[in-house]
Structure formats: structure tokens, C-alpha cells
Amino acid sequence: MTDLQIHLDRQKEFFQTGATKDIAFRIEQLKKLKEILVENEQLLIDEVHKDFQKSAFETYVTEIGLVITDINFALKNIESWTKQRSVSTPLVNFPSKNFIITEPYGSALIIAPWNYPILLSMQPLVGAITAGNTAILKPSELTPHTSSAIERLISESFEPEFLKVILGGVEESSTLVKMDFDYIFFTGSTRVGKIIMRDAAERLTPLTLELGGKSPCIVDETANLEISAKRIAWGKFVNAGQTCVAPDYLLVEKSVKKEFLKHLKTAINQLYGDDPKESPDYPRIINDAHFDRLASLLSDGETVIGGESDKEKRYIAPTILNNISLEDKIMQDEIFGPILPVLDYTSVEDCISIINARPRPLALYIFTSDQKLEDRILNTVSFGGGAVNDTIAQLGNHHLSFGGVGASGFGSYHGKSSFDSFSHQKSVMKKPFWPDVPIRYAPYDDLKLGLVKKVLK
Ligand code: NAD
């Protein structure tokens, strides 16, 4: 038997004891997880910096802080979320009581990507713990410093039969997804998402897929161009564009494009100065393969700002590319880096058909003061989630569930959605022995059929 199988078997045995279902136990574990983050804040910031030079501010605001607020929200609500819920009884089931018991799936597997190595490992863990599961977490091999720190901190504070971190890459991950987990939560690329789903299908393991895609960002002529440029530049270049919900490409109304590009240049300059390479706030590309992939996109269109790169430092400047066509290489796949192509449109129909001709995106952003246009876009285009007049900030609200649709994934989490995703809703009807209404029993006749039709119409 392999070590991985031994870990899973131990977790299954522990789950069977019922310990994780105890609400006091879950609360204690959530508090422990929060303590780890609070007490090791600086260590985690340092480890992420070693992996790709992310600033302390970004690591706190986009990772540690978000997990802490999600834990606080879960602690505040766990009692009410876990209560048995009564639902009403239709006439056909009268008399009876009907209720829903929320139960944990059992042993959960969480596979995380590298781009927000703390957030995307820990936030699903919050859901797994709150819902009463055991969990095995496989963080990314591309952030070795952060992933090792997470492994050490979790193993120091939690029993492995409850939470266990497995370090490794494709080999470990592929072995894990073929094992008998009760639920899989995967965050990563659409390509690997398909592999995970195929493996999960072999055992009919329920799963959530948090994937990527090309998220459009529309700027209409009624938008405040200066503020829009600032918010788009921030959302695109935070984490050096290595964000699943970053605006992938811009669709700017033709009449305002020139002016908007001026504001965008100013906004980038204000964020990172004349030489972003020297800015302590601008991260690096995660590895050579991603650097090479991104560098090959720099020759598309016409460079408005940026375009510089340094392979040795894995640096790519915040770059805006104008005069891009839909056939250009940069418009084929998710960019996942600090390069922003700009297209223009003259009619909203064109804009909608460009978006709808592609797989459904994880996020969509629209900058406008035109309520009708906003309604039209929000109601005709399908996307995972998004924002009006901002980018990425929607992730900071744990009342908004987060997830994709179509090729950007399915299922959701954050706040109560995390609890729901890691739970099974067990529906139960309870009947008294008396009265025992005879109508449903054979032999049937027209009178019975007539009565049933009256009730079920
Ligand atoms: P990835 O799909 O390459 O890897 C994700 C995880 O899967 C890693 O832990 C990796 O070890 C594992 N893995 C890789 N190949 C595997 C295989 N064949 N079988 C089993 N496991 C395998 O993704 P990545 O490069 O780490 O992350 C970037 C992608 O993730 C982007 O597409 C991005 O949009 C997406 N993403 C999505 C979200 C979201 O919340 N929807 C968040 C962050 C990133």
C-alpha cells in the first residue's frame, strides 16, 4: 500500500469516528487555522516573496487577509449553517414533516494552483473544515517555498488523520485524483480540469472545478475614463497579471479609445513608476516556461506601453498592446500575465458577439454610466461572476459566491458557498403511521385518478 493510500485510509477511519461532525471540533480547527495565519504572517509573506517577489501588501491583501475574513465569517455563521432546516409540506405529502440535514462528504481532496499559493490552498480548506470533512491538500510545485511552509505549518498544528498536506507535482496529483475521495476541489487550468474530471468520473466522485479563461473588460464611452483606467490597471497588473479573474482583454468603444489609452499609460506609471523593474511592488513571472510563453505574445499588435522583458529575472513589464485583431495569437488562449491587448468596438452587438463567440469566461467587467447598456451586457452574456466599474474587488465580498460557468468551471465557493460546496444536502420526509391515506395503493380506479389529478394539477 502506498503512503498516500495510508493517509487517506487514516482520514477515512477518523471521519467514521464522527469527530469532524462535532461543531465545537470544527470551530476549534478554524480558530487554529486562523492562528497559523496570524502568527506566521511575516513568514508566509517572506516565502511568497522568495517564490515570485510579490510585495507584502499584495500577499496580505489578496491572500492572508481574505482567508482570515473568510474564517471569521465561517466562525460567525457555522451554528446557523449546520442547523437542520425544515421545509414546507405540499398537500400530496400531508401529513408529514420535511427537513434537510447538511452532512459533510467525508474525505476531501483539494488541489491548488501556484498563482495565489496561500489563498487558493487555504480558502477551500476553510470550506472543508466548516462543513466537517477531513482533507488532503496538494499545493502547487511551482511555489516550492510557500508550499513547503504550508506543509510544515499544517503538520505542526493538525493531526494528519484530519488535515494532511502532500507536496509534489503532476505525479502525486494524478495518483491522488484516482483514489477513493468523497469530494474533489480543484483549482487550475481548463486543460488539467478536464483530466481531473475524467479521473473523478471513474469513481463518480463529486467535484468542483475552479478554472480559468479569457475574461473580457468593456469600457463604454459613458465611463469615467480616468477612474476606469486606474481600476483596470490595478486589476490587470496585481500579481503581474497572474490572476485567474484579471481582465484578459479590453473592448473599448472606438470614440474614446485614444483618450482611454492615455489614462491607462498614466495609471500604470503611477502604480509602478518609470521603470517597473525597480518597483518593489511588481512581482515576477513564476517560471521560465511561463516567461517564454508570455514573451512570445509581446510581438502582437502595437506596443503602447511596456514590452520590455528580462529572461534572467523573469521580468515582463506591464504592457498594453493596441491594434490587436481577433486572429492574433494573444487572443487565442488565456494570457495569465502582465500583457493587456486592446480591441475596439463601435456597436454593443459587436462587443457581445466577440465575447459570446468564445468559451464562457470566469469573469466579466464593464465600465459604464449607462444603465441600459449595463443591463444588456449582464443579461445577455454568460460569465462566472464580475463587476461593474471595478475589477477583481468582487472577490473581497464573501456574500458573493465565486465560480465559473462552462469552460471556466462549475461549482462555487467563498463564504456560505464554501460550506455548501463541501456538504451534501440530505433531504428527509418523516410520516406518522396514522393516517395512512389509501389513495396511492393499487388497485387503481377512475375515482382515485380523478382525485389525484385534482391534487397534482
Ligand atoms: P495547472 O492546472 O497547471 O495546475 C494546478 C494543479 O494541478 C497543480 O497543483 C498541479 O500540480 C496539478 N496538476 C497539473 N497537472 C496535473 C495532472 N495532469 N493531473 C493532476 N494534477 C495535475 O494550473 P496552474 O498553472 O497552477 O494555475 C494556473 C491556472 O489556474 C490558470 O488557468 C488560471 O486561470 C487557473 N486558476 C483558476 C482559479 C479560479 O479560482 N477559477 C484561480 C487561480 C488559477
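The values are calculated or read from the model by the stated rules, or taken from the named source; none is laboratory data. Source: prediction; values computed, not measured. FYI the Cβ positions are ideal-geometry reconstructions off the backbone, even for glycines, and counts take in every protein chain you see. What goes into the accessible areas is simple: the full protein's heavy atoms, side chains included, and nothing from ligands, DNA or RNA. Shrake-Rupley method; radii C 1.70, N 1.55, O 1.52, S 1.80 Å.
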(message) If you count only protein heavy atoms and use a 1.4 Å probe, how large is the accessible surface of Thr319, to the nearest 10 Å²?
(response) 0
(request) Determine ³J(HN,Hα), in whole Hz, for all residues of region 240-251 in sequence, where each value follows from phi through the Karplus function 6.51 cos²θ - 1.76 cosθ + 1.60 and θ = phi - 60°; x replaces Gly and Pro. (result) 6, x, 8, 10, 4, 9, 5, x, 8, 8, 9, 10
(request) Starting from the residue with the highest accessible area, list Glu221, Glu278, Glu161 in decreasing order, probe 1.4 Å. (result) Glu278, Glu221, Glu161
(message) Once you keep just the Cα pairs under 8 angstrom separated by 6 or more residues, what percentage relative contact order results for the chain?
(response) 18
(message) Within region 128-157, name every residue whose backbone N is under 16 Å away from a label modeled 7 Å from Cα of Asp288 along the Cβ vector.
(response) 142
(request) Would you work out what percent of the accessible area of the chain, with all protein chains in place, is carbon or sulfur (probe 1.4 Å)? (result) 54
(request) Just read off the accessible area of Ser401 with the full protein assembly in place, 1.4 Å probe, to the nearest 10 Å². (result) 70
(request) At 7 Å along the Cα-to-beta-carbon direction for both Lys277 and Phe433, put a label point, then send me their distance in nm to one decimal. (result) 8.5
(message) Name the residue from Pro280, Gln332, Val219 whose Cα lies farthest towards the positive end of the charge dipole of region 216-403, charges +1 on Cβ of Lys and Arg and -1 on Cβ of Asp and Glu.
(response) Pro280
(request) Starting from the Kirkwood radius over alpha-carbon pairs of region 358-457, derive D by Stokes-Einstein at 37 °C in a medium of 0.692 mPa s and give it in µm² s⁻¹. (result) 179
(message) If the only charges are +1 at each Lys and Arg Cβ and -1 at each Asp and Glu Cβ, what is the size of the charge dipole of region 216-403 around the Cα centre, to the nearest 20 debye?
(response) 280
(message) If amide hydrogens are placed 1.01 Å from N in the peptide plane, which non-local residues have theirs closer than 5 Å to the one on Asn389?
(response) Ile366, Phe367, Thr368
(request) Order the following by accessible area, largest value first: Thr59, Thr82, Thr175. Probe radius 1.4 Å; ligands, DNA and RNA are ignored. (result) Thr175, Thr82, Thr59
(message) Just to confirm my numbers, what's the Cα centroid distance between region 1-43 and region 324-385 in Å?
(response) 41
(request) State whether the chain is rounded, prolate or oblate according to the following rule on the C-alpha gyration tensor (a ≥ b ≥ c being the square roots of its eigenvalues): a/c under 1.5 gives rounded; otherwise a/b larger than b/c gives prolate, and the remaining case gives oblate. (result) oblate
(request) Please work out how much accessible surface Arg10 shows to a 1.4 Å probe, ignoring ligands, DNA and RNA, in Å² rounded to 10. (result) 130
(request) Per residue of region 72-87, in order, report the coupling 6.51 cos²θ - 1.76 cosθ + 1.60 (Karplus, θ = phi - 60°) as ³J(HN,Hα) in whole Hz, putting x for Gly and Pro. (result) 4, 5, 5, 4, 5, 10, 4, 4, 6, 5, 8, 5, 5, 10, 7, 10
(request) State which entries of Lys194/Lys258; Lys254/Lys329; Lys97/Lys416 exceed 29 angstrom in Cα-Cα distance in the structure shown. (result) Lys194/Lys258
